[in-house]
Amino acid sequence: MIRAALKVDGLDGRQHRLIDVETAAAAPQARAFSGLASTSMTLATIRLSSPSAPHINLVIGEVRENAVYAGIRTALIAAAELCQTTNRPLRVVMVDFTSPENNLRHTEAYIRRTFGVNDVTLVAREALGGATFGETDIWLASHWKTAHALSIACDSGLIDPRRVAYLIQDYEPGFSAWSTEYALASATYHAGFVPIVNSVPLWQFLTEEERLSIDRSLVFAPQFENELLRAVAARRTTGAPVRVLLYGRPSKHRNLYRLGLSALRAAVVQLGDTAREIEFYSAGEPHEAIDLGDGVRMTALGKLPWQEYFDFLATVQVVLSLQLSPHPSHPPFDAAISGATAITNEFHGSRAGLHPRLIAVPADPTSLGLAVAAAIRTAGTSTAAGYLPVAANTLGGTLPDALGAAVEKLTLD
């Protein structure tokens, strides 16, 4: 058995053994990349044929019905649109290790039901060794680790990079600052794939940071749940008690969770005795209730199911949601569109002016705390605001238009 050249942190023995099997089966030129990331070898052992029905192959970490967050949802929407545009069936290639509770048949049914794709097949990570794909398939990367796996398959001569589109949804090198992962993620932007970029702020940052030249037609606005948010706005009420929601996941450093806590504590100081009349909540990940000072506590809701999130949002007047990356995350816009005041951090001057109810301030506790306190005071006296979507083209064009522009640049035959 040829062992992986490097061991990937955070994996168990069974997962490392699978990487060893993938490495042993890969072409010699691919083996040098084993162990760079958990996904490095996942596509290095595939076989190619000339099928009668070329596919759209969405390469994604894993799809589970109860864990489809905004990024995965957008990738599935994009893949479904590509299938419709090119009249091809969908194959979802999962390159993360499959969760024990994931039932592939149920997940396929979920994709058909939710995204309107009748012909869909899932291929699990554990079944990729020697799996057969079409020579004229189109591949869609959805995250840097999927683009990294595709890049190795291209370098090995298995896949033509002109048949690969890359859905770029954030500046992902920043997720692993100053590291091997940072370098690998940055390299994927220069792999020769056709980029499809989620939002104008991200497009501008890629232009500045990576010196990329990406046509504006390949940039699309985030897909907000506008009909749900319209319903949230219709149900929203004002008056006492004012509710404040901190949305953020402590395990995701870019969500600046500790900074958010500090900002709320600063807001409590600013509000004085009136802070005891305010209800503070957090959502995103479970944790213990937290003392914000002066007897004020924040209740943790944890990870809310999809509909429960929108139901609770209708009862909230102020949302604090931070993201230290160029992609404008969904929760602040969900709040602003549906009538709440959203406080977020500025990032390279890219967030001010994106929505009238989105307040972007410097990422420090004092500035954020002052903004939260001001929003609470206003919420206690104002009438309910209505539904207000993001102005057209503020964040980019439509996803179908961006995908259509990408199809024109891809090699299909």
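The values are calculated or read from the model by the stated rules, or taken from the named source; none is laboratory data. Bear in mind the structure is a predicted one, so any value in this text is a computation, not a measurement. Quick reminder, even Gly has a Cβ in these numbers, built from the backbone with ideal geometry, and neighbours come from all protein chains shown.
Things worth noting here:
- Output for region 203-219, where each listed residue is exposed (fewer than 14 other Cβ atoms within 10 Å of the Cβ) and either outside the structural domain of Y171 (by TED's automatic domain parsing) or assigned to a helix (DSSP H, G or I) (or both): T207, E208, R216
- Taking region 291-300 as the range and being in contact with a Lys or Arg (Cβ under 7 Å, 6 or more places away or on another chain) and assigned to a strand (DSSP E or B) as the test, the residues that pass are D291, L292, G293, V296.
- Residue list for region 216-231, filter: within 27 Å of A374 (Cβ to Cβ) and at pLDDT below 95: P222, F224
- When L122 is tested against (1) under 22 Å from Q84 (Cβ atoms); (2) free of Cβ contacts under 8 Å to residues at least 40 places away in the same chain, exactly one condition is not met: (2).
- Residue within region 42-53 that is polar (S, T, N, Q) and in contact with a Leu (Cβ under 6 Å, 6 or more places away or on another chain) present: yes
- If the condition is being among the polar types (S, T, N, Q) and touching a residue at least 24 places away in the same chain (Cβ under 8 Å), then region 179-237 contributes T180, S186, T188, N198, S199, Q204, S217, Q223, N226, T237.
- Lone qualifier among E81, E65 - being of a type in the set (D, E, K, R) and either modelled with pLDDT under 95 or surrounded by fewer than 17 Cβ atoms within 10 Å (Cβ to Cβ) (or both): E65
- Candidates A385, A336, A392 - the one that is among the small types (G, A, S), out of contact with any helix residue (DSSP H, G or I) (no Cβ under 7 Å at 6 or more places or on another chain) and surrounded by 23 or more Cβ atoms within 10 Å (Cβ to Cβ): A336
- Of the strands (runs of 3 or more DSSP E) lying entirely inside region 13-110, those containing at least 1 residues that are within 18 Å of D137 (Cβ to Cβ) and among the hydroxyl-bearing types (S, T, Y) span 47-49.
- Residue satisfying all of: in region 175-200; touching a strand residue (DSSP E or B) at 6+ places or on another chain (Cβ under 9 Å) and of a type in the set (G, A, S); surrounded by the most Cβ atoms within 10 Å (Cβ to Cβ) among these: S199
- Members of region 232-260 found to be assigned to a helix (DSSP H, G or I) and over 15 Å from A371 (Cβ atoms), listed by number: V232, A233, A234, R235, H253, R254, N255, Y257, R258
- The single residue among G157, G129 that is under 29 Å from R17 (Cα atoms), part of a loop (DSSP other than H, G, I, E, B) and touching an Asp or Glu at 6+ places or on another chain (Cβ under 8 Å) turns out to be G129.
- Condition met for T74 (touching a residue at least 40 places away in the same chain (Cβ under 8 Å), of a type in the set (S, T, N, Q) and in contact with an Asp or Glu (Cβ under 8 Å, 6 or more places away or on another chain)): no
- Of all residues in region 277-300, those being in contact with a helix residue (DSSP H, G or I) (Cβ under 8 Å, 6 or more places away or on another chain) and either surrounded by fewer than 16 Cβ atoms within 10 Å (Cβ to Cβ) or outside the structural domain of R258 (by TED's automatic domain parsing) (or both) number 3.
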